[in-house]
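Readers should treat all values here as calculations from the given coordinates under stated rules, not as data from a laboratory. A quick note: this is a predicted structure, and the numbers were derived from the prediction, not measured. Cβ coordinates were reconstructed from backbone atoms using ideal geometry, including for glycine residues, and neighbour counts include every protein chain displayed.
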Amino acid sequence: MTVTAEKPLVKIEGLHKYYGHHHVLRGIDMTVNQGEVSVVIGPSGSGKSTMLRCVNLLESISAGRISVGGQLIGYREVNGKLHDLKTKEIAAQRREIGMVFQRFNLFPHKTALQNVMEAPVHVKGQPKAAAQKWALELLDRVGLGDRAGHYPSQLSGGQQQRVAIARALAMEPELMLFDEPTSALDPELVGDVLNVMKDLAKSGMTMIVVTHEIGFAREVGDTLTFMDGGVVVESGDPREIIANPQHARTKEFLGRVL
Amino acid sequence: MEHHQHPDAPVLNKSVPVRHPGRWISAIIILAFVAVFLQSLFTNPNFRWDIVGTYILDVKVVQGVGWTLLLTVASMVLAIVLAILLAFMRQSDNPIFRWSSWVWVWFFRGTPVYTQLVFWGLIAVLYPKISAGVPFGPEFFSLDTAAIVNATVAAILGLGLNESAYLAEIFRAGLKSVDRGQQEAAEALGMSKGKIMWRIILPQAMRVIVPPTGNETIGMLKTTSLVLAVPFTLDLTFATNALANRTYLPVPLLIVAAIWYLVITSILMVGQHFIEAYYGKGVDNLAPAAVNPAAAKAAGPGADAQRSMKTDFPEESAR
């Protein structure tokens, strides 16, 4: 869809994740170029959400390397030896990466506007007036300018998710992660959220989207990755994979969701 | 909403409601008991309402109220500060912090507050001097314990440290009640640990923390009557007891004390109501108070839009 600069922004190399003895990710390799929309699909339990959560260290990395913008995530490498980053340094890395959750996770004690303003004011230290102007712009962009004073509990699921997108964008991240952003929504509310994401993709944002929306993958995705059992089964042009999956597991999965 | 005003609105059902004779009978029985009790209040001369009237605003009594309030507020402030610290330590990654928090709660919850008050009263006997220095090494300065830990300080320490153990558990429960996703969302925005706790987690935990803490505060108000154990002899219960012993009229002076405790409790309950409303923002309390003028302008349709929003998504507000 978008013209990609072919400059890798995200590089995942040999990523493994264990929960105790449970081997969830078994060697993931993935590259996302600047301005690209990378869609990840797969059955539940395939490890796609875990992979996404490793990118901003909501899950620790058991083995392998993830880098965003050339910067190693979670570690500093000194003479070939990895050192854990401090909490503060991890927080600094996370500022460059926006995340949208399946269950929105808006702050329920803050209005839509306050949710969007929170990080610019209290992480970046922006003056309140400027942050408010910026937050209202973002709420307008996701079609919720008239809902600024509403608390999350007064918004529909779709509206909450759009506020959550605005909240993540408020930090002006170079990468946006979407963890099944429409899975908790009533079917008629999915469209509004996907439209916001499409606009965002058109604006040139680099995005990794874990989703079950095959239509979105076909329309907006630059690459499609199919994961199953903690490995990447197949990856490539979304339209080709959807029309003509090469692997039996991909075929079976697409057959079930399409 | 207003169906009956519309010309082609449906005719509303007018059914005969179920009768509840049991409710009427039980209500009459309760009212009869209340009437008998009220009558006794006015006719039984042993209440000595004249004495209640004489002493309700007695200097000693009013001073007692002041001291009781001071002890309650000071020990609760101390307990809350300690409890926040203990609850944070209990959640810490550092095992020494977790362990010491657990031991503190175990000890101060596991021994009677009366015993602890007696102990703080005797602290100067146990440790006559407080000194700072290197253990087994040189000493930098030393102070008389009795000069620092007077009866007031001993009472506040005894009540506050004991209470901190109970409050620590209330705070811990409150922090645990906040959805894990809140922490993750704040982390994903790059917020620091401290900011996440103070701006995101604690304000939401307060909804769960405030009601039992209000309970504890009211409990504390009355626990202050135990400070006689220190011995501290200026609080409301001691003052009214002393007057009762002097006048040989215990009943009216107990009533004086009870009235004052009820008055203070009622004031505390009003305070608790407002604190609960504040921390219920966005959940129990949907008044759009927190919006500043520019945002309100941007928000456009005000209260009307909000009401319709609530009815549009009942499942959301139910959550």
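Which loop trypsin sites (Lys or Arg not before Pro) in the stretch B:10-97, with loop taken from DSSP, have no more than 11 other Cβ atoms within 10 angstrom of their Cβ?
For trypsin sites (Lys or Arg not before Pro) across the stretch B:10-97 that sit outside H, G, I, E and B with at most 11 neighbouring Cβ atoms in 10 Å, the list reads B:LYS14, B:ARG19.
Percent relative contact order of the stretch B:117-200, based on C-alpha pairs within less than 8 angstrom and at least six residues apart?
23 percent
When chain A is modelled as a GNM with alpha-carbon springs shorter than 10 Å, which of A:MET197, A:MET117, A:MET30 fluctuates the most?
Fluctuation is largest for A:MET30.
Extending each Cα 7 Å along its Cβ direction at A:SER183 and B:PHE107, get the distance between those two points in nm, one decimal.
With each label point 7 Å from Cα toward Cβ, the separation is 4.8 nm.
Please list, ordered by chain and number, the residues whose modelled amide H lies under 5 Å from the amide H of A:TYR75; skip anything fewer than 5 residues away on the same chain.
It is A:LEU85, by chain and number.
State to the nearest 20 debye the size of the charge dipole of the stretch A:102-146 about its Cα centre, where the only charges are +1 on K and R beta carbons and -1 on D and E beta carbons.
160 debye
Cβ under 15 Å from B:GLU216's Cβ, B:GLU216 left aside: what net charge do those residues give with Lys, Arg +1 and Asp, Glu -1?
With Lys, Arg at +1 and Asp, Glu at -1, the neighbours total 0.
Work through the residues other than B:THR265 whose Cβ is under 13 Å from its Cβ and net out their charges, Lys, Arg +1 and Asp, Glu -1.
Combined, the nearby Lys, Arg, Asp and Glu give 0.
Taking beta carbons within 10 Å but only from partner chains, what does the mean come to for residues A:151-158?
If you average over the peptide's residues, the count of other-chain Cβ atoms is 6.
Suppose the chain between B:GLU139 and B:ASN245 were pulled fully straight at 0.36 nm per residue; how much longer would it get relative to their current alpha carbon spacing?
That works out to 33.3 nm of additional length.
What order do you get for A:VAL100, B:VAL251 when you list them from fewest to most C-beta neighbours inside 10 Å?
Starting with the residue having the fewest Cβ neighbours, the order is B:VAL251, A:VAL100.
What residues have an amide H closer than 5 Å to that of A:GLN126, excluding those fewer than 5 places away on the same chain, when H is modeled at 1.01 Å from N in the peptide plane?
The list, which skips near neighbours in sequence, is A:VAL121.
Using the alpha-carbon centroid of each, what span in Å lies between the stretch A:35-80 and the stretch B:198-260?
Spelled out, the Cα-based centre of one part sits 56 Å from the other.
Can you list residues from other chains, or at least 5 along the same chain, whose modelled amide H is less than 5 Å from the amide H of A:VAL233?
Distant-sequence amide H within range of A:VAL233: A:PHE226, A:MET227, A:ASP228.
Among the DSSP beta bridges whose two residues both lie in the protein assembly as shown, what percent are antiparallel, rounded to the nearest 5?
Antiparallel bridges: around 60 percent, rounded to the nearest 5.
Around B:VAL105, with a cut-off of 13 angstrom between Cβ atoms, what is the net charge of the other residues, counting Lys and Arg +1 and Asp and Glu -1?
+2
Calculate the length of the line joining the C-alpha centroid of the stretch B:37-95 to that of the stretch B:167-193, in whole Å.
33 Å
Quick one: putting +1 on the C-beta of Lys and Arg, -1 on the C-beta of Asp and Glu, what dipole do you get for the stretch A:52-211 around its Cα centre, in Debye to the nearest 20?
500 debye
When Cβ neighbours within 10 Å are restricted to other protein chains, what is their mean count per residue of peptide A:115-123?
Partner-chain Cβ atoms within 10 Å, mean over residues of A:115-123: 4.
For the protein assembly as shown, what value does the Rg/Rh ratio take when both radii are computed over Cα atoms and Rh is the Kirkwood radius, given to two decimals?
Radius of gyration over Kirkwood radius for the protein assembly as shown works out to 1.10.
Do the sum for chain B: with -39,500 (n - 2.57) for every DSSP H run of n ≥ 4, divided by all residues, what is the mean residue ellipticity at 222 nm, to the nearest 500 deg cm²/dmol?
-22000 deg cm²/dmol
Output needed: percent of Cα pairs per 10 Å distance bin for the stretch A:95-228, bins running from 0 to the one holding the longest distance.
13, 46, 32, 8, 0
Going by C-beta contacts inside 10 Å, put A:MET205, A:MET99 in order with the fewest on the left.
With the sparsest Cβ surroundings first, the list reads A:MET205, A:MET99.
Treating only the Cβ atoms of Lys and Arg (+1) and Asp and Glu (-1) as charged, compute the dipole magnitude of the protein assembly as shown about its Cα centre; round to the nearest 20 debye.
Dipole of the protein assembly as shown, to the nearest 20 debye: 1020 debye.
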